[in-house]
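A short write-up of the structure that comes next.
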Amino acid sequence: MTHPARRAPRSDARHNRARIVRAARAAFAEDPAAPLHSIAKAAGVGQGTMYRHFPGRQALLLAVYQEEVDALTDTAAGLLAAHEPLEALRLWFEHLTAGRSGGPGASLAVEAVAGTGPTGPGPDRPPAVAALDLLLDAGKAARQVRPDAEAEEVLLLASCLWRADEGPAGLARRRRMLTVIIDGLRVGVGH
């Protein structure tokens with residue numbers, strides 16, 4: 001059985017999607033927990049239109065912060081080429097939290113992905129989770145990272161990094177928390 005080829009979205013559908021993304025970007029900058037119904041209202045669309053384009057918060061966050069998430073995922077291989085796996089992992093998390101002074105950005109989208117639970121291997125795996133898998137797998141192969149470390153769980157644990165306060169005290173706190181996370185991932189800890 002062959003399936004018909006997918007048609008490109010109609011121009012009004014593309015326009016609605018763009019309006020939703022713009023409204024969501026503005027709403028999330030004000031309040032990262034902005035309700036989806038208020039974003040639909042701000043975009044001038046109904047909730048049905050909103051959910052046709054974005055079935056949930058995760059999909060909307062990923063669309064809003066796609067560029068930031070892409071930049072984050074693209075750094076994983078380069079960090080591994082230049083550093084030992086645990087150092088590459090630490091630097092990747094620093095990169096994730098570095099942009100938070102300009103807004104929640106990629107950290108919100110990555111947290112949404114992490115909050116969905118294990119996604120399983122395959123092409124539908126969110127790119128940020130796949131990037132973290134790459135880092136963790138390299139660490140496991142080098143016997144630097146404990147074998148039971150799973151990307152979604154590590155992301156949930158690391159979500160505390162972007163909740164720390166701003167300013168020098170918050171930066172120092174994030175560095176200490178990241179050290180605790182990295183130390184907890186080392187082989188021999190808890191095993």
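Readers should treat all values here as calculations from the given coordinates under stated rules, not as data from a laboratory. Bear in mind that the values here come from a model prediction, so they are computed numbers and not experimental data. As a convention, Cβ positions derive from the backbone with ideal geometry for all residues, glycine included, and neighbour counts pool all protein chains shown.
For Val145, enumerate residues with amide H under 5 Å from its amide H, sequence gap 5+ or separate chain, H modeled in the peptide plane.
Lys140, Val187
R0 = 22 Å: FRET efficiency of Ala169 with Glu67, Cβ-based, nearest 0.05? If you can, show how the numbers build up before the last one.
Details: r = 30 Å, r/R0 = 1.35.
Here the calculated transfer efficiency is 0.15.
Cβ under 14 Å from Leu91's Cβ, Leu91 left aside: what net charge do those residues give with Lys, Arg +1 and Asp, Glu -1?
Residues close to Leu91 contribute a combined charge of -1.
Count neighbours as other Cβ atoms within 10 Å of each site's Cβ, and list the trypsin sites (Lys or Arg not before Pro) in the stretch 3-79 that are DSSP loop with at most 11 such neighbours.
Numbers: sites: Arg6, Arg7, Arg10, Arg14, Arg17, Arg19, Arg22, Arg25, Lys41, Arg52, Arg57; in loops: Arg6, Arg7, Arg10.
Sparse-neighbourhood loop trypsin sites (Lys or Arg not before Pro): Arg6, Arg7, Arg10.
Using the beta-carbon distance between Ala33 and Glu153 and R0 = 22 Å, what value does 1/(1 + (r/R0)^6) give for FRET efficiency, to the nearest 0.05? Write out the running numbers ahead of the final one.
Working: r = 23 Å, r/R0 = 1.03.
It comes to 0.45.
Suppose every K and R has +1 on its Cβ and every D and E has -1 on its Cβ; what is the size of the dipole of the stretch 10-70 about the Cα centre, in Debye to the nearest 20? Could you put the intermediate results ahead of the total?
Working: 9 positive and 6 negative charges, 74 e Å.
The calculated dipole for the stretch 10-70 is roughly 360 debye.
Kindly provide the GluC sites (Glu not before Pro) of the stretch 138-171 that DSSP labels as loop, not H, G, I, E or B, and whose Cβ sees at most 15 other Cβ atoms within 10 Å.
Working: sites: Glu150, Glu152, Glu153, Glu166; in loops: Glu150, Glu166.
Sparse-neighbourhood loop GluC sites (Glu not before Pro): Glu150, Glu166.
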